[in-house]
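The structure appears right after this line, and notes come after that.
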Amino acid sequence: MSIELETPDEQKSRTSRGALDRVLDAVAGMCVGIAGIMLVALIVTFGWLVFGRYVLNDTPTWVEQTSLVLVVYITCLGAAAGVRYRSHLNIDFVRESLPPLLRGLMHHVSDLFIVVFGVFMAFQGWQLVMTNMQRAIPMIGLPESVRAAPLVICGVLIALFAAADIFRRLTSRSTERA
């Protein structure tokens, strides 16, 4: 079991690659930045809950639903960035014990599964967005679709980042052979 984190050499080679990689890195960085801002908002929201409940003796009712929406966005944006940075937990002892050709094939197959999962997540998330436009989230009045929208965003980004990994691996192999 391992957590694949990029070494400084891999990070340096990532910055020296093409425009597509720089754009995808910027998108992943924006995901992390937005998730960070939302995390701060979540902390402030809970601070207001504690202050309202124990100091003002008037519990704000909107905090719970707002927090749930923020947690969904934070989780989805972080998950998408994790695919780009290859920082998700994985079990790789079987793959790493195989010969290089099979190991490369397993990398492609796992990335292909991730692409399919991302597309499925985006599609099903879109279905939720479309079917929940008319329902409001209690206490905050926003459409219930706001809560499902991160599934679409995350699914698209996961599929895009995994497809870019497949593309990068294929093109780096073709340039190594030349």
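Ranked from highest to lowest mean number of other Cβ atoms within 10 Å per residue, what is the order of the peptides 43-53, 155-165?
Highest mean packing first, the order is 155-165, 43-53.
Rounded to a whole number, what % of the accessible area of the chain do carbon and sulfur atoms account for, probe 1.4 Å?
73
Round to the nearest 10 and give me the degree value, 0 to 90, for the angle of helix 100-131's Cα axis relative to the longest principal axis of the chain.
Once rounded, one gets 30 degrees.
For Rg/Rh (Cα atoms, Kirkwood Rh), the choices are (i) 1.11; (ii) 1.09; (iii) 1.33; which was calculated from the structure?
So the structure-derived entry is (ii).
For the chain, what's the relative contact order in percent, using C-alpha pairs closer than 8 Å and at least 6 residues apart?
Averaging sequence separation for qualifying contacts and normalising by length gives 25 percent for the chain.
Output the lone cysteines of the chain: those with no second cysteine's C-beta under 4.7 Å from their C-beta.
So far as the 4.7 Å Cβ criterion goes, C31 stand without a partner in the chain.
Once amide H atoms are built 1.01 Å from N in the peptide plane, which residues 5 or more positions from L142, or in another chain, come under 5 Å H to H?
I137
The values are calculated or read from the model by the stated rules, or taken from the named source; none is laboratory data. Treat the numbers as computed from the prediction; the structure is a model and nothing was measured. Backbone-built Cβ (ideal geometry, glycine too); neighbour counts: all protein chains shown. Remember, those area values only see protein heavy atoms, side chains included, never the ligands or the DNA or RNA. Shrake-Rupley method; radii C 1.70, N 1.55, O 1.52, S 1.80 Å.
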